[in-house]
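> Pasting in a structure now, in structure tokens, and then I'll have a few things to ask.
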Amino acid sequence: MFDERSNGTLGRALAYPLRRAACAARFWPWYVQVGLIYALSRLVSFCIFVAVARHQGPSPWGPGQPGYLDFINIWDAEWYERIYSGGYPEEIPRSDSGDTLTNAWAFYALFPFTVRIVHALTGLEWKVAAPLLATLAGLAAMLVIYKLFLLVGSRAAGRSHGFGTSSSRNRSGHENSLWGAALVAVFPVSPILQVGYAESLHLLLLAASLYLLLCRAYLTAVPIVLLMCLARPAGVPFAAMIAVHFLIRFINRRQDPFPLPEVLRAAGLGIASAVWAVAWPLIAWWVTGQFDAYTETETAWRGEDLVLFLPWFESGQRLFGDVFGLLAPLLLVLAAVVYLDSAAVRRIGTDLRVWCAAYMLYLLAFLHPQTSTFRLLLPLFPLALAAVYFSKSRAYRTAVVVLFLLLQIVWVAWLWLWNQLPGGGDYPP
């Protein structure tokens, strides 16, 4: 048995190498630091998945207590696997009464078809290749996000009138960007970045598109935006953001020169983004011969016709009653406007603020709010940098990381774990 003195000695002996390793890590290349943070975050998510899987009973995907790869290959990962194996139906499936049935057209093609390429190159089966691709795409996304945050931070520092040497600003920019990337890596729904979903690939392409936009590499962004629009349905708010970006640059052309060649390149990106935004519905029309194949499929999943904004008011009334339920979405919008105009969020720059506002408006207009809404908040990742700007305190930033890790447990145990509801089915993650 150890006495208090020996316990203290042991604690100091264990803490010393950790402190030394942390100090040494500060001098590692930025990509090593970002990669290490991402690897540790995915290891934590792996442990959460494994622990929760031990409590999984029999489900539609197999017997209870599945292994890690079997446990993460459920929910929408099964749909992506179907696309990977058999592609898309040439006709929209219908019930005996003629109603559209849920089908693969609700899921975009880039991720499962990329897994096909991974399989062709490596011979790995879906349940290994899909999580591997997702995890590596997530790593690439974190590297691009770090560079995006560093660019935003350098511009914010250039606009500020504070004191400090260039080297101190560079250190501050690196630290803020690293913390911002860390918050994205441990975000409560970040376990999705290592499963067979398209989120990590879409996050990579979205971050790259935003980075190229801020660099004003308009033509370079065109193919990246196309791929992004074939990964997840975020093309409409992105095209809206490009339109606002173009308008702001044109209005401010005296202070920020906007020469004709750059005007044409920016306009080209705007037109391309608008076309790419509807690329997937057009592909569904081309393959099936049905003009509204994609929209009918989406409404089949929600079980009712699409009416803009209405589902939020209906959900508000179910949750809060007839009167306050009608006010709840309006209060949510007011809170979003106030937050996007806060000092910390203003520091991320106009373009990223416009993206967040456009994406929020898109969700409000088209989304049927449910438990999967939490996962759909991941494209708002620029707000992670705003959360870092809220305070320089390491205690505050560490507390946010810990809170996000705890919420990961909640998300996996509540939504990823299958527990059949009394009426059948379960809430989707």
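> Looking only at the range 182-205, count how many residues are of a type in the set (A, V, I, L, M) and part of a loop (DSSP other than H, G, I, E, B). It would help to see each step written out before you state the result.
Kept after step one, since they are of a type in the set (A, V, I, L, M), are these residues of the range 182-205: 182-186, 189, 192-193, 195, 198, 201, 203-205.
Within this subset, residues satisfying the condition of being part of a loop (DSSP other than H, G, I, E, B) are 186, 189, 195, 198.
Qualifying residue count for the region: 4.
> Is at least one residue of the range 156-167 hydroxyl-bearing (S, T, Y) and modelled with pLDDT of 95 or more?
Step one: list which residues in the range 156-167 are hydroxyl-bearing (S, T, Y), which gives 160, 165-167.
Next cut, modelled with pLDDT of 95 or more only: none.
Scanning the range 156-167, I find no residue that is hydroxyl-bearing (S, T, Y) and modelled with pLDDT of 95 or more, so the answer is no.
Quick grid of which residues meet (1) crowded, with 17+ Cβ neighbours inside 10 Å; (2) touching a Leu at 6+ places or on another chain (Cβ under 6 Å); (3) not hydrophobic (A, V, I, L, M, F, W, C):
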site: L319; (1), (2), (3): no, no, no
site: S342; (1), (2), (3): no, no, yes
site: L352; (1), (2), (3): yes, no, no
site: T371; (1), (2), (3): no, yes, yes
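> Of R253, R265, R216, which residue is outside any helix (DSSP H, G or I) and surrounded by 14 or more Cβ atoms within 10 Å (Cβ to Cβ)?
So the residue among R253, R265, R216 that is outside any helix (DSSP H, G or I) and surrounded by 14 or more Cβ atoms within 10 Å (Cβ to Cβ) is R216.
> For the subset of the range 282-297 comprising residues that are surrounded by fewer than 19 Cβ atoms within 10 Å (Cβ to Cβ) and in a helix (DSSP H, G or I), which member is modelled with the lowest pLDDT? Give the derivation first.
As a first pass, look at the range 282-297 and keep what is surrounded by fewer than 19 Cβ atoms within 10 Å (Cβ to Cβ): 282-283, 285-287, 289-292, 295.
Going one step further and asking which of them are in a helix (DSSP H, G or I), we end up with 282-283, 285-287, 295.
Working: L282: 97, I283: 97, W285: 97, W286: 97, V287: 97, T295: 92.
Ranking the candidates gives T295 first.
> Any idea how many residues of the range 366-398 are over 21 Å from Y146 (Cβ atoms) and aromatic (F, W, Y)?
Selection size over the range 366-398: 2.
> Sort out which residues of the range 332-345 are part of a helix (DSSP H, G or I) and in contact with a helix residue (DSSP H, G or I) (Cβ under 9 Å, 6 or more places away or on another chain), and write them in order of number.
Going through the range 332-345, the residues part of a helix (DSSP H, G or I) turn out to be 332-340, 343-345.
Passing the criteria: L332, V333, A336, V337, Y339, L340, A343, A344, V345.
> Let me ask something additional. Under 22 Å from the mean Cα position of the chain (by Cα) and either under 30 Å from G289 (Cα atoms) or surrounded by 21 or more Cβ atoms within 10 Å (Cβ to Cβ) (or both): which single residue out of Y80, Y88 fits that description?
Details: Y88 fails: under 22 Å from the mean Cα position of the chain (by Cα).
None of the other options fit; the residue is Y80.
> Of the residues that sit in the range 366-397 and are without any contact (Cβ under 8 Å) to a residue 40 or more places away in the chain and charged (D, E, K, R), which one is farthest from S190 (Cα to Cα)?
Going through the qualifying residues, I end up with K392.
> Turning to a different aspect of this structure: Going by the structure shown, is V225 of a type in the set (V, I, T), modelled with pLDDT under 95 and either surrounded by 21 or more Cβ atoms within 10 Å (Cβ to Cβ) or not in a helix (DSSP H, G or I) (or both)? Show your work before the answer.
On the way: of a type in the set (V, I, T): yes; modelled with pLDDT under 95: no; either surrounded by 21 or more Cβ atoms within 10 Å (Cβ to Cβ) or not in a helix (DSSP H, G or I) (or both): yes.
The answer is no for V225.
> For the range 298-311, which positions are hydrophobic (A, V, I, L, M, F, W, C), under 23 Å from the mean Cα position of the chain (by Cα) and part of a helix (DSSP H, G or I)?
Residue satisfying the conditions is W301 alone.
> Quickly run through the range 113-141 and pick out the residues that are on the phi < 0 side of the Ramachandran plot, part of a loop (DSSP other than H, G, I, E, B) and not charged (D, E, K, R).
Taking the range 113-141 as the starting set, the residues that turn out to be on the phi < 0 side of the Ramachandran plot are 113-122, 124-141.
Adding the requirement that they be part of a loop (DSSP other than H, G, I, E, B) leaves 124-125.
Result: L124, single match.
> Would you check which residues across the range 388-400 are surrounded by fewer than 17 Cβ atoms within 10 Å (Cβ to Cβ) and of a type outside the set (K, R) and list them? Working first, answer last.
Of the residues in the range 388-400, the ones surrounded by fewer than 17 Cβ atoms within 10 Å (Cβ to Cβ) are 390-396, 398-399.
Matches in the range 388-400: F390, S391, S393, A395, Y396, T398, A399.
> Something else about it: Looking at this structure, is L306 more than 30 Å from D256 (Cα to Cα) and surrounded by fewer than 17 Cβ atoms within 10 Å (Cβ to Cβ)? I'd like the intermediate steps shown before the answer.
Working: more than 30 Å from D256 (Cα to Cα): yes; surrounded by fewer than 17 Cβ atoms within 10 Å (Cβ to Cβ): yes.
When the stated conditions are applied, L306 passes them.
> Continuing with this model, one more query. Would you mind telling me which numbered condition in (1) surrounded by 20 or more Cβ atoms within 10 Å (Cβ to Cβ); (2) at pLDDT below 95; (3) touching a Phe, Trp or Tyr at 6+ places or on another chain (Cβ under 7 Å) T102 fails?
(1)
> Related question: Could you grab me the full set of residues in the range 45-68 that are surrounded by fewer than 17 Cβ atoms within 10 Å (Cβ to Cβ) and aliphatic (A, V, I, L, M)?
V50, A51
The values are calculated or read from the model by the stated rules, or taken from the named source; none is laboratory data. All values reported here derive from a predicted model rather than from experimental measurement. Neighbour counts run over all protein chains shown; Cβ positions are idealised from the backbone, glycine included.
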